[in-house]
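Worksheet: the structure to be examined is printed underneath.
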Amino acid sequence: MGAPRDFHQPASSADSAVPEPDSVLAWERSIREGNQAFSRNEDLAALQQYHSALKQAQYLLKQCVQADTQELPVDTVLAAYVVSHHNLANVHARQGDINAAACRLCEAHRCLSRICADASMACELRMAAQRHGQRTYTELLNFTNLYSQHPLVAKTLQACGQFCMQQERPLH
């Protein structure tokens, strides 16, 4: 586990086509405020901000999945989704709620696994899910090392495993 994450990705010309900049800005603001609260040991405020960030990230992911063309920067969207879950997991772990922390980590990994395995999803989205899945897989392994064999984490690792490395053929 560790310190909360923030996401900063240099803007590219493709990022300028984001149709919902307010959602991205709202996510960034919530993460920033959550990180500040976390660093001040204000866990309830951090949880509130991270939950707000997760709702924004879920909205962005839904828009990304439903889009015929990828107008949203998929790496930014998936990073926002993963960071939101992982930051929530950090707060839960610090509060001693290991089950809630495990749920957050597993939910992020399972979502990316489903995206990666769904041939109907856009190739760009599936490839981004594969890349971000490397991070979620590593976090699950780190969690297992810190908190021994949690049943939900073990089940997720068994069901999804290291999906990001097990693709039989390229996703495109």
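Per-structure values
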quantity: Filter pass, residue 112 being hydrophobic (A, V, I, L, M, F, W, C) and crowded, with 24+ Cβ neighbours inside 10 Å; calculated: yes
quantity: Qualifying residue in the range 79-88 (condition: out of contact with any strand residue (DSSP E or B) (no Cβ under 7 Å at 6 or more places or on another chain) and free of Cβ contacts under 8 Å to residues at least 24 places away in the same chain); calculated: no
quantity: Helices (runs of 4 or more DSSP H) contained in the range 63-171 and holding at least 2 residues modelled with pLDDT of 90 or more; calculated: 74-94, 98-117, 123-147
quantity: Residue match in the range 61-72 (condition: under 12 Å from the mean Cα position of the chain (by Cα), buried (at least 16 other Cβ atoms within 10 Å of the Cβ) and either of a type in the set (D, E, K, R) or over 26 Å from residue 149 (Cβ atoms) (or both)); calculated: yes
quantity: Which numbered condition residue 4 misses (of (1) of a type outside the set (Asp, Glu); (2) at pLDDT below 95; (3) within 26 Å of residue 144 (Cβ to Cβ); (4) part of a helix (DSSP H, G or I)); calculated: (4)
quantity: Long-range neighbours under 6 Å by Cβ, at least six apart or interchain, first residue among the charged types (D, E, K, R) within the range 29-45, second surrounded by 15 or more Cβ atoms within 10 Å (Cβ to Cβ); calculated: 33/49; 43/91
quantity: Scope the range 25-42; condition surrounded by fewer than 16 Cβ atoms within 10 Å (Cβ to Cβ) and part of a helix (DSSP H, G or I); matching residues; calculated: 25, 29, 32, 36, 39
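The values are calculated or read from the model by the stated rules, or taken from the named source; none is laboratory data. Being a predicted model, the structure only gives us computed values, none of them experimental. Cβ sites come from the backbone with ideal geometry, for glycine too, and all protein chains shown count toward neighbours.
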